[in-house]
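Colleague: Take a look at this one; I'll ask things after.
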Amino acid sequence: MGDVIAALPAVASLKHSIPHSKITWVIDPKWSLLLDGNPYVDSVLHLDRRTFTGLRHAWRQLRSAKFDFAVDFQGLVKSALVATLARPERIFGFNAAYARESPASWFYSTKVPIRSFHAVERNLDLAAAAGASNILRTFPLPPGEQQGKLPEGDFVLASPLAGWGAKQWPLEHYSKLAERLNHECGMPLVLDAPYPLHVQGTHTHVSTLAGLIYGTRRATAVVGLDSGPLHLAAALGKQGVAIYGPTDPARHGPYGGTIAVLRSPEAVTTYRRTSESDASMRDITPDQVFDALVPILAAHKDR
């Protein structure tokens, strides 16, 4: 999810700069909802790598179309291979120093060095190299749809799950945070996940991606981790608090400045994919998160 959201401004910039172009976005079907109604994308090509039928269908679509150029914003060997299969005249991608997987750069005809560090700005640098002369920092996202039960009034939304355990905040911390939010602010803490999470004192919101988008739009504030739901909230301009540990918020933090980042001074950037919550994540206390939320919630009530 995060990779798609981080590429939205870059793709919008390409379309805006080359208005007569036809842009096709190759995407995993599970994330294609993020592109619904996007005015800067002309067609969406689903690449389902989980089935042979899905791969064959995508291969046929790629081979039947004619593309002037491709831009690989993901910087992985698999995404570079997809660009190559499309047989464009040119392929733009990050050079070996900046691609997430260095061998991906072997497939690019134009290898782009970048000036920026944050993922969104890196993608904009790549789009500029491909011809985006007018930069748009916009995140066109669908409205989502109501799913499950959400509180009728104000609430704080948290998405406690991340791609791997090291980036997650201990579930018991959400219980303590919920207690303070309820007692001192009269505001419930809602945990959004694809399956029920039984955490004392919190409300559970079970949803798909469409329900997450709707719930995020409705939330008064968010509490997030380095995961897709946080980047979705940042793209929607929501306020809140992000908890970081083994990943670097300067590169993968919430974009736009509306979400405050908490990170332990003892945190070390490792990107180590362990199943247990990293010690630096456990160092961030529920009281610290609550204190960071208080001015956001107070300003909301004063409106």
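The values are calculated or read from the model by the stated rules, or taken from the named source; none is laboratory data. Model, not experiment: these values are computed from the prediction. Backbone-built Cβ (ideal geometry, glycine too); neighbour counts: all protein chains shown. In case anyone asks, the SASA skips ligands and DNA or RNA and just uses the protein heavy atoms, side chains included. Shrake-Rupley method; radii C 1.70, N 1.55, O 1.52, S 1.80 Å.
Colleague: Could you give me the radius of gyration and the Dmax of region 180-289, taking only the C-alpha atoms into account and expressing both in angstrom?
Modeller: When restricted to Cα atoms, region 180-289 yields Rg and Dmax of 14.1, 38 Å.
Colleague: Can you compute the FRET efficiency between residue 64 and residue 146 using 1/(1 + (r/R0)^6), with r the Cβ-Cβ distance and R0 = 35 Å? Round to the nearest 0.05. Intermediate values should be presented prior to the final figure.
Modeller: Details: r = 38 Å, r/R0 = 1.10.
Efficiency at R0 = 35 Å is approximately 0.35.
Colleague: From the square roots a ≥ b ≥ c of the eigenvalues of the alpha-carbon gyration tensor of region 20-93, which class results: rounded (a/c under 1.5), prolate (a/b over b/c), or oblate? Intermediate results must be reported in sequence, preceding the final value.
Modeller: Numbers: a/c = 1.38, a/b = 1.04, b/c = 1.33.
It comes out rounded by the Cα gyration axes.
Colleague: What does the charge count near residue 121 come to, summing +1 for each Lys or Arg and -1 for each Asp or Glu among other residues with Cβ under 13 Å from its Cβ?
Modeller: +3
Colleague: Would you calculate, for the chain, the mean residue ellipticity at 222 nm contributed by helices, counting each DSSP H stretch of 4 or more residues as -39,500 (n - 2.57) and dividing by all residues, to the nearest 500?
Modeller: For the chain, the value works out to -10000 deg cm²/dmol.
Colleague: Right, something else. In square nanometres, what is the average projected area of the Cα convex hull of region 237-294?
Modeller: Its Cα hull, projected and averaged over all orientations, spans 4.3 nm².
Colleague: Just flag the GluC sites (Glu not before Pro) in region 43-128 sitting in loop per DSSP whose Cβ has no more than 11 other Cβ atoms within 10 Å. Walk me through the intermediate numbers first.
Modeller: Values: sites: 89, 101, 121; in loops: 89, 101.
When the GluC sites (Glu not before Pro) of region 43-128 are filtered for loop state and at most 11 Cβ neighbours within 10 Å, 89 remain.
Colleague: Right, something else. Taking the square root of 5 times each eigenvalue of the Cα gyration tensor, what semi-axes in Å does the equivalent ellipsoid of the chain have, largest first?
Modeller: Ellipsoid half-lengths, sorted descending, are 36, 20, 18 Å.
Colleague: On to the next question. For residue 15, give me every one of the lysines with a C-alpha distance below 30 angstrom, ignoring sequence neighbours fewer than eight places off in its own chain.
Modeller: Straight-distance partners of residue 15: 30, 66, 78, 111, 238.
Colleague: Pull out the extension gain between residue 179 and residue 248, defined as 0.36 nm times the separation in residues minus the alpha carbon to alpha carbon distance; nm, one decimal.
Modeller: 21.9 nm
Colleague: Quick one: what Rg and Dmax do you get for region 69-162 from the alpha carbons, in Å?
Modeller: That works out to 17.9, 53 Å for Rg and Dmax.
Colleague: Taking a virtual spin label 7 Å from the Cα of residue 301 along the C-beta vector, which residues in region 181-198 bring their backbone nitrogen under 19 Å of it?
Modeller: 181-190, by backbone N distance to the label point.
Colleague: What do the square roots of 5 times the Cα gyration tensor eigenvalues come to for region 8-167, in whole Å, largest first, as semi-axes of the equivalent ellipsoid?
Modeller: Details: eigenvalues 155, 79, 67 Å².
In descending order the semi-axes read 28, 20, 18 Å.
Colleague: When the accessible area of region 1-115 is computed with all protein chains present and a 1.4 Å probe, what percentage of it is carbon and sulfur?
Modeller: Numbers: 3420 of 6190 Å².
C and S atoms contribute 55 percent here.
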